[in-house]
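Q: Structure in structure tokens, see below.
The values are calculated or read from the model by the stated rules, or taken from the named source; none is laboratory data. In this text the structure is predicted, and so the values were computed from the model without any measurement. Note that each Cβ is placed from the backbone with ideal geometry, even for glycine, and that neighbours are counted across all protein chains shown. Surface accessibility is based on the protein's heavy atoms, side chains included, excluding ligands, DNA and RNA. Shrake-Rupley method; radii C 1.70, N 1.55, O 1.52, S 1.80 Å.
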Amino acid sequence: MADVSPRKIAELVLAPVLCTALLLLGVITLVLGWGLTGDRTMDHADVDYVYLLGTVILCGLAAAAAYRIAGLLRARGWWPVLAVLVPAVVFTVLQLDKAFGRRDSALVWLAGLLLVLGIVAVLAERGLLRQAWIVGVLGVIIVADVAVLAQLLHSSSVDGDQVQRLDRAYAPLWFVFALIDYDFGLDPLSWHIGDSLDMREVGYPMYSMIALGYVVRSMRRDPAAADAAEDL
């Protein structure tokens, strides 16, 4: 019979709640910290690495925190993996009636996250933790980039009587543009990237890293259990 103990139920309920709380804490910390760095006027005259650096650092810390939480909850097996995906599924469902590419972006992100976490879970279960982290981090970046691309393909602005769109030739760089607040001399419309994404350029990679940390810890082979199995 499946393990349906109160501890297991609590673990499955707490996983999505705590992971969502980590995301909110990370985003709030980033926004507050970014606001304290000086004048946030969007003149786009210089590259602003504060946002990018803050995102990278907080994503790393969030992943480490999720890894620790999974250990404290003694999460094991595939059920915790499914539990940590609940917030991503809920978010995607809430985007299904949204316009301006938000639905497409959320669907792409969820599909990519499912694929990446599935691969990571298999690697971690086999004891290939280093490979799991490498594949996971690279996958998180690629999935976030493609999800941003899916939304910004629909981004446009009106200049006089003409509708202008972002240059698709630079689509793979839009994720970077959103994180460093600069247009690299391209179409001035690119400064709308961050506004159009409504923090998704941060939310996508941050929650993906949280889920990654939780999944790696949940699926990590217990050395003591492995040794016991070999002795048998």
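Q: Considering only region 72-98, how many residues are open to solvent by less than 60 Å² (accessible area, probe 1.4 Å), more than 18 Å from Arg221 (Cα to Cα) and touching a residue at least 24 places away in the same chain (Cβ under 8 Å)?
A: Result for region 72-98: 5.
Q: Further question on the same structure: Within region 47-66, is there a residue that is open to solvent by less than 30 Å² (accessible area, probe 1.4 Å), at pLDDT below 90 and not small (Gly, Ala, Ser)?
A: yes
Q: Output the residues belonging to region 44-99 that are closer than 21 Å to Phe175 by Cα and small (Gly, Ala, Ser). So that I can check it myself, show each step before the final result.
A: If we filter region 44-99 for residues that are closer than 21 Å to Phe175 by Cα, which is where we start, we get 44-63, 88, 91-92, 95, 98-99.
The answer is Ala45, Gly54, Gly60, Ala62, Ala63, Ala88, Ala99.
Q: Taking region 99-124, which residues are surrounded by fewer than 20 Cβ atoms within 10 Å (Cβ to Cβ) and over 21 Å from Tyr67 (Cα atoms)?
A: Ala99, Phe100, Arg103, Asp104, Leu107, Ala111
Yes/no matrix, rows are residues, columns are (1) in a helix (DSSP H, G or I); (2) open to solvent by less than 10 Å² (accessible area, probe 1.4 Å); (3) modelled with pLDDT under 75; (4) of a type in the set (Phe, Trp, Tyr):
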{"site": "Trp174", "(1), (2), (3), (4)": "yes, yes, no, yes"}
{"site": "Gly194", "(1), (2), (3), (4)": "yes, no, yes, no"}
{"site": "Met206", "(1), (2), (3), (4)": "yes, yes, no, no"}
{"site": "Ile210", "(1), (2), (3), (4)": "yes, yes, no, no"}
{"site": "Ala224", "(1), (2), (3), (4)": "yes, no, yes, no"}
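Q: Gly160 - would you say it is at pLDDT 90 or above and either exposed (fewer than 14 other Cβ atoms within 10 Å of the Cβ) or not hydrophobic (A, V, I, L, M, F, W, C) (or both)?
A: So Gly160 fails the test.
Q: Please verify whether Ala65 is assigned to a helix (DSSP H, G or I), touching a residue at least 60 places away in the same chain (Cβ under 8 Å) and under 22 Å from Leu24 (Cα atoms), treating the condition exactly as stated. Talk me through it step by step, then tell me what you get.
A: Numbers: assigned to a helix (DSSP H, G or I): yes; touching a residue at least 60 places away in the same chain (Cβ under 8 Å): yes; under 22 Å from Leu24 (Cα atoms): yes.
Judged against the criteria, Ala65 is a match.
Q: Please name all residue pairs, on different chains or six or more residues apart, with Cβ atoms under 6 Å, provided the first residue is in region 112-131 and is closer than 30 Å to Ala150 by Cβ and the second residue is in a helix (DSSP H, G or I) and open to solvent by 70 Å² or more (accessible area, probe 1.4 Å).
A: Close Cβ pairs (under 6 Å, with a partner that is in a helix (DSSP H, G or I) and open to solvent by 70 Å² or more (accessible area, probe 1.4 Å)) amount to Leu123/Gln131.
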